[in-house]
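One structure is given below, encoded as structure tokens.
Readers should treat all values here as calculations from the given coordinates under stated rules, not as data from a laboratory. Quantities reported herein were computed from a predicted structural model and do not represent experimental measurements. No Cβ is skipped: glycine too gets one built from the backbone with ideal geometry, and neighbour counts run over all protein chains shown.
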Amino acid sequence: MINRTVLRVRVFQQLYAHYIRPELPQRELLKQYHDAVNKTYGLYIYLLDLPAALTRKHDRLTEARRKKFRPTQEDLNPNVRLSHNRLTDALVLCSGITEYLQKFPYAWSDQDPMLHRILSRLTSTDLYRHYTRSADTFESDRTFWVDILSKQVFRDEELNEYLEEANLYWDNPLDTWERITLNEPVRAEELEAAADALHGTPQCKGTNAHMSPVEIAKEFVLKSIKLYDPERMPQGFNEVLLPPYPNPSDKVFGEKLLKYALAHRDEYNAIIDEYCNGRNPERMVGVDKLILLMALTEALHFPDVPLSVTANEYIELAKNYSTPKSGAFINGVLGKLFEGLRKTHKLLK
């Protein structure tokens, strides 16, 4: 589940932390890196438990309506299709999910008001109404959760705010960035005060990075649900539950990338400065410099990764985490950088 795109983002975050606080020792950066990677997998498991949490809330509300002093006919004879959803049953019986959540620091049961609100919105949608009238099959049960998660639940702002406050991912948990354009110099204190005042208003909007760990976790939740087939999988949902590292080599990829980038930072930054299209290195965006450092480190130390893959990954990283022009800038520098290193035989792939 934790692929190299996630690992590159996590390494970038630690290098950025080091850029902001250069006094941080390498052992602390490595610890933070491993903690962040583990939280990424925890998020995948946690979100897989969300359909069950919403179903439990649905069942409690249904029972409460039955016990009302003056229940209506609808209260006494509710539509219980959601309560018997086969996909939810498979998730509840998945030992891989239940065992992991026993040691996970967060529980949906602590978020009852939010679950109530999400469930109320969910049951008022056309998707839900269509589901309650559809054929009573596993495929219908699965399709409902795929559609409602992707189109409704995973887009819920309050849910995302809760995940941010729970600090499940990083210092900026949702990997949401905000860009402020300045027409004239301003003191940092004034900028922070202005940004704080704008938070929560229509003038302040964040953009979810599509390659961020949280978005990737959501994608793998949906993929796992789509892959599950009870007729071919006697061991239940455990058979599609993804391990933390589907590729064993990925387990050490991120740690090695972080260590090599830190060890060769000054040497590689000097090489990068030679290929920056005449741009003054002192005026280069710090994030761009970090992304180029990672790309050069990967190119030189990971012979199994094609240069085209390396270039594309870091161009996307720049688009998500730097300025609007950074993707094109990174693309141009890497093209010249890789070509120059080949000519000097420093790059052999």
**Message:** Let's see if you can work this out: charge +1 on each Lys and Arg Cβ, -1 on each Asp and Glu Cβ, no other charges. What is the dipole magnitude of the range 250-337 about its Cα centre, in debye to the nearest 20?
**Reply:** 220
**Request:** Would you please put 291-298, 13-20, 119-126, 48-55 in order of how densely packed they are, using the mean number of other Cβ atoms within 10 angstrom per residue and starting with the highest?
**Result:** 291-298, 48-55, 13-20, 119-126
**Request:** Mind giving me the nanometre distance, one decimal, between the label points for TYR106 and VAL80, set 7 Å out from Cα along Cα→Cβ?
**Result:** 3.2
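Let me know the whole percent of all Cα-Cα pairs from the range 253-341 that are separated by more than 17 Å. Don't skip to the end; give the middle numbers.
Details: 1667 of 3916 pairs.
Result for the distance tail: 43 percent.
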**Item:** Calculated FRET value between GLN235 and GLU157, using beta carbons and R₀ = 35 Å, to 0.05
**Value:** 0.40
**Fill in**
Listed by chain and number, the lysines with an alpha carbon less than 21 angstrom from that of LYS349, same-chain partners under 8 positions apart left out, are LYS256, LYS336
**Asked** By how many nm would the segment from ARG129 to ARG27 lengthen if fully extended, with 0.36 nm per residue of separation less the alpha-carbon distance?
**Response** 31.4 nm
